[in-house]
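Participant: This is the structure, below, for whatever I ask next.
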Amino acid sequence: MMICARDGSTQTMLYKLDLDEGFNLDADIETKLINVNTGNDFKATCKLIYMPGLCFIDERYTSINGNEIVFSVAGNHFLITLISDLNFGHNGQGNGFHLPGEITKAYQSPGDVETRLPAGCEFRRISLVFSGTYILELLKNERWDHKAFLERENNTFRLDGSINVLLNDLSESSYQGIYQRPFFELKLKEFFFKLYAQSGSKMNDDGIPFEIKEKLLAAKAFLTSEFVKPPTIKQLARIVSLNEFKLKLYFKLGFGTTIHNFVTKIRMKEAQRMLNQSLSVTEVSEKIGYKSVSHFIETFKKHHGKTPKQVMKQCDLTKGSHDQPVFI
């Protein structure tokens, strides 16, 4: 199973992996970090986490002058792709892309598959590539109907908060050694189950027309992906092709919250995660999209009942208690 990406403009190879397609119970997970910077024209940061039959790829690209990234996989494989943090600052949206927040699943037969990403934009792409042997072995003891799920033709799913957290856990896991693979594969199983549950789930029978439900799910997925720089309601309405009045009305009816409160909830959840990783209050405020630190602190306290510094102090005390020696 050959996996590679290259800059289509210069034919520069960004990464290339040749993985065995079998399932090797004794194999360790390996990680590779790749940084490419050609000045102001093109920047790429790629994180690859892989072992036989599996590759998790987290890529971030900035292209100014029309670079084109060609992603290629050879051999039997399942490919799951998520585009997020997408900014069509130069090319508009006429590139045949699915919206940020949409997750696509496809089974590819032998041969190369190329996905051309639009030039002149900033984006983050997460890809999971599995061999058929690996994914069947990974899920063989699961009690849900994973075979029917895998046999379905190409599917599109929506990114939600829990899936977003799962993908970040996979990309940023601190587990090493004997704990790394069990943790990673447990998260993969959870990820697949969430997609399976979503594929059969329906919104409550609340009187919302089906075609509007689909647009609400698209709006929710877009906001989950773009919470750092969320669109205005006018922009979001244009993105999902729904007028502003219906968007606000049905969003509150379908999800039990306003669009503003939904984005705030995602931001506050992400803020707490970052504070637990010992980032400063100022860093967290900037990373989740607040221009004013004081506004962030006020919102955080209102949401969690504690200030960011109180949460950090509590986290430090918890870590400190775990570091205490145990006397027998």
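The values are calculated or read from the model by the stated rules, or taken from the named source; none is laboratory data. These numbers were taken from a predicted model, which means no experiment stands behind them. In this analysis, Cβ positions are derived from the backbone assuming ideal geometry, glycine residues included, and neighbour counts consider all displayed protein chains.
Participant: Taking the stretch 102-131 as the region of interest, how many residues are surrounded by fewer than 20 Cβ atoms within 10 Å (Cβ to Cβ) and either at pLDDT 60 or above or more than 21 Å from residue 46 (Cα to Cα) (or both)?
Facilitator: Looking only at that region, the number is 10.
Participant: Exactly one condition in (1) under 29 Å from residue 52 (Cβ atoms); (2) loosely packed, with under 11 Cβ neighbours inside 10 Å is false for residue 146; which is it?
Facilitator: Only one criterion is unmet by residue 146, namely (2).
Participant: Given the options 179, 134, name the one that is over 25 Å from residue 269 (Cα atoms), modelled with pLDDT of 90 or more, in contact with an Asp or Glu (Cβ under 8 Å, 6 or more places away or on another chain) and hydroxyl-bearing (Ser, Thr, Tyr).
Facilitator: 134
The rows are residues; the columns are (1) outside the structural domain of residue 124 (by TED's automatic domain parsing); (2) in a loop (DSSP other than H, G, I, E, B).
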{"residue": "142", "(1), (2)": "no, yes"}
{"residue": "171", "(1), (2)": "no, no"}
{"residue": "175", "(1), (2)": "no, yes"}
{"residue": "180", "(1), (2)": "no, no"}
{"residue": "187", "(1), (2)": "no, no"}
{"residue": "191", "(1), (2)": "no, no"}
{"residue": "216", "(1), (2)": "yes, no"}
{"residue": "220", "(1), (2)": "yes, no"}
{"residue": "236", "(1), (2)": "yes, no"}
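Participant: Return a yes/no flag: does the stretch 241-264 have any residue that is assigned to a helix (DSSP H, G or I), at pLDDT 90 or above and among the polar types (S, T, N, Q).
Facilitator: So far as the stretch 241-264 goes, yes, one or more of its residues are assigned to a helix (DSSP H, G or I), at pLDDT 90 or above and among the polar types (S, T, N, Q).
Participant: A follow-up question, please. How many residues does the stretch 232-267 contain that are under 22 Å from residue 290 (Cβ atoms) and of a type in the set (D, E, K, R)?
Facilitator: Within the stretch 232-267, residues that are under 22 Å from residue 290 (Cβ atoms) and of a type in the set (D, E, K, R) number 3.
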